[in-house]
1. Can you tell me which residue within the range 81-109, out of those that are more than 24 Å from residue 4 (Cβ to Cβ) and under 27 Å from the mean Cα position of the chain (by Cα), is modelled with the lowest pLDDT?
2. If you check residue 45 against the conditions, is it exposed (fewer than 14 other Cβ atoms within 10 Å of the Cβ) and either in a strand (DSSP E or B) or modelled with pLDDT of 80 or more (or both)?
3. Could you go through the range 9-31 and let me know if any residue there is at pLDDT 85 or above, out of contact with any strand residue (DSSP E or B) (no Cβ under 8 Å at 6 or more places or on another chain), assigned to a loop (DSSP other than H, G, I, E, B) and farther than 30 Å from residue 95 by Cα.
């Protein structure tokens, strides 16, 4: 048995909290504007339009997965009843082995 899988995707955040005005408190950034904090940490009542930051962070993700496996069972019996000479295989136990590997990259923007 052999399998391979590939996945690609993009994720982003449209809001984040960063200290833009240097007061030590996080300001709300996103949707093309900033809502600053006051010196006491409270949010200011107005939003400052920036025209940027529609997506505050963005990441491209690629992943590849590969696997290889095998299984076998054993127990063979023969029944010679009434001259029918019937062979049957029954699984007394199964043995399996497999190996898998994955790799991927994430690129943040």
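1. Looking at residues that are more than 24 Å from residue 4 (Cβ to Cβ) and under 27 Å from the mean Cα position of the chain (by Cα), I get 109.
2. Working: exposed (fewer than 14 other Cβ atoms within 10 Å of the Cβ): yes; either in a strand (DSSP E or B) or modelled with pLDDT of 80 or more (or both): yes.
It is true that residue 45 is exposed (fewer than 14 other Cβ atoms within 10 Å of the Cβ) and either in a strand (DSSP E or B) or modelled with pLDDT of 80 or more (or both).
3. The answer is yes, given that some residue of the range 9-31 is at pLDDT 85 or above, out of contact with any strand residue (DSSP E or B) (no Cβ under 8 Å at 6 or more places or on another chain), assigned to a loop (DSSP other than H, G, I, E, B) and farther than 30 Å from residue 95 by Cα.
The values are calculated or read from the model by the stated rules, or taken from the named source; none is laboratory data. These numbers were taken from a predicted model, which means no experiment stands behind them. Ideal geometry is used to build each Cβ from the backbone, glycine not excepted, and the neighbour counts take in all protein chains shown.
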